[in-house]
Amino acid sequence: MSSRWVWTMAILVAMGGVLPARAACTARPSSTAELAQCSTAAAGGDSIAARLLGDVLGDPTQRHYDPTTALSWWEQAAAGGDGQALRRLFDAHWYGRGTPKDPARARAYLAKAVAAGASWARLVRAVLAEGDEPALAADLYNGLATEGNCLAQLRLAHGHDRGGWVEKNRSQGLYWAIVAGLAGRSVPRPDDHPLFENRFHYRDCTTEAYFLRGELARNVAADLRVQVEESAAAWKPGRIPERQGPVEVPAAPGVAPAGLGSGAAARLPDWRPLPASLQRPPGRSRLGAEDVFATVGRSVYVVVAARTEADLKANKGRFGSAVAMDERTLVTNCHVIDEMAVILLRQGGQTLRATPSGGDPATDRCLMTVSPGRLSAVPGIRSWGDLRVGETVYSIGAPKGLEATLGQGLISGLRQIKTLRYVQTTAPISPGSSGGGLFDGAGNLVGITTFHIRDADGLNFAIAAEDFFR
């Protein structure tokens, strides 16, 4: 009898549980009886039960949290063919959740999930291969795209726009952007993973495809654009497209993406939480909208990021926002600055250069610094637990690059998604607002505006400000 089974039985005895003679387990257990059922089924070789039992023991919010035992159950479930257990094992070893980080072991689990055909695993393997195995990345993305995976189609659109691991061909990029927009409207969002999804600005295929299509269309001749649009409209799952238009730069396996050269952006530095000394106590005096803006508007900066200086001069940059936490440090979203070698901050007539100083793309939290220090920091930080639904809040950011744009709304919800906490608000958030500030009626920073749900009025979200301190 295994030690993990004895351990589980000890929990049940301590909880006063009774083991049924025959048990089934089809959902994550939430009671003593359900835990007993899953334990009996898992011990009998049920892979789904083993994975569900591992989910309970691997959850740090549960009183019986035991990551080592959780890994054992996930191992059993994976050996029994449970694909979701492979994802649990990959995440545990890649991120160091309940066990030391072990990228080599994580990649071994990823390879098994790829072999099993899991779409999330094929996407992750492709994005990891872009730098050193470009041919593999292209094969994986093309295979998924042909199946109708809109996320892979979007990545191909981005790749053909930039060149490198695939040929630089904006016509081909426009083709896949159009196809992704059509696919995104007709099927549910494919299963993905944080390692992959931080490559995009938005949280759904149709929104990403809409803006990317507009950007690419501007660089394609009108007559060719019509041909590409007609070809994309005729695409069906399983169809491999013909090459659209001329190749500008061929793919160069093993070489940095065309146009980046020595100016290529380095990987984001590892995440380091903001120091506790910057978590200044909140003010309590209520202000009007004008006074809030006058107090904290100067702490929010426009971010203009580009892959190269040439792209910046050609107005091919990416707009976002950032909030100053002290005279040198700012917070923003990783999707604003990731893969960007040139980062500028603008406010009024002032322009500063910034450098990434820490990032966690999986949670979209990034830090930047400027030197010498000259920023105007927010006056106070308010904790997520102190917020109340119904409070008035103000968003300040740079939608579409329009500096110092003020929006007003309410806190409409307080959400926790996995380990991150969010403030749901009706205060407006739109492209370019990402990385901006959400402030309460006293001018305290309560969140960093991050995303909105398209086609749903007032469903906007900000990462809790205090989550940048952990």
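The values are calculated or read from the model by the stated rules, or taken from the named source; none is laboratory data. Values in this document were obtained by computation on a predicted structure and should not be read as measured data. Here the Cβ positions follow ideal geometry from the backbone for every residue, glycine too, while neighbour counts run over all protein chains shown. For the accessible areas, the whole protein counts, side chains as well, though only heavy atoms, and no ligand, DNA or RNA atoms are used. Shrake-Rupley method; radii C 1.70, N 1.55, O 1.52, S 1.80 Å.
Rg and Dmax of the stretch 261-375, based on Cα coordinates, read 15.1, 52 Å. Packing, as the average of other Cβ atoms within 10 Å across residues, places the peptides 411-420, 92-101 in the order 92-101, 411-420, highest first. Lysine pairs in the chain whose alpha-carbon atoms fall under 28 angstrom of each other, counting only those eight or more residues apart or on distinct chains, come to 9. A simple charge model with +1 on the Cβ of Lys and Arg, -1 on the Cβ of Asp and Glu and nothing else charged puts the dipole of the chain at about 380 debye relative to its Cα centre. Cα-based radius of gyration for the stretch 52-121, normalised by 2.2 N^0.38 Å, reads 1.04. About the centre of its Cα atoms, the stretch 353-470 shows a dipole size close to 240 debye [charges on the beta carbon of Lys, Arg (+1) and Asp, Glu (-1) only; nearest 20 debye]. Any idea what diffusion coefficient the stretch 322-367 gets from Stokes-Einstein, in µm²/s, Kirkwood Rh on alpha carbon pairs, 25 °C, 0.890 mPa s? Answer, rounded: 221 µm²/s.
In the chain, the portion of solvent-accessible area held by carbon and sulfur atoms comes to 52 percent [1.4 Å probe, whole percent, DNA, RNA and ligands not counted]. Note that the stretch 108-174 shows a convex hull volume over its alpha carbon atoms of 69 Å³ per residue.
Computed on the stretch 50-192, the Cα convex hull volume stands at 116 Å³ per residue. The chain: D in µm²/s via Stokes-Einstein (Kirkwood Rh, Cα pairs, 25 °C, 0.890 mPa s)? Reported coefficient: 102 µm²/s. The translational diffusion coefficient of the stretch 272-325, from Stokes-Einstein at 25 °C and 0.890 mPa s with a Kirkwood hydrodynamic radius over alpha carbon pairs, comes to 172 µm²/s. With a Förster radius of 30 Å applied to the C-beta separation of Glu147 and Asp59, the computed FRET efficiency comes to 0.35.
Note on Arg97 and Ala314: their simple-model spin labels are 4.0 nm apart, each label 7 Å out from Cα toward Cβ.
Excluding ligands, DNA and RNA, the accessible surface per residue across the chain is 44 Å² with a 1.4 Å probe. Taking a quarter of the surface of the Cα convex hull of the stretch 299-436 gives a mean projected area of 8.3 nm². Its Cα gyration tensor gives the stretch 337-402 an equivalent ellipsoid. The semi-axes, each the square root of 5 times an eigenvalue, are 25, 17, 14 Å from largest down. The share of alpha-carbon pairs in the stretch 406-470 lying farther apart than 20 Å comes to 18%.
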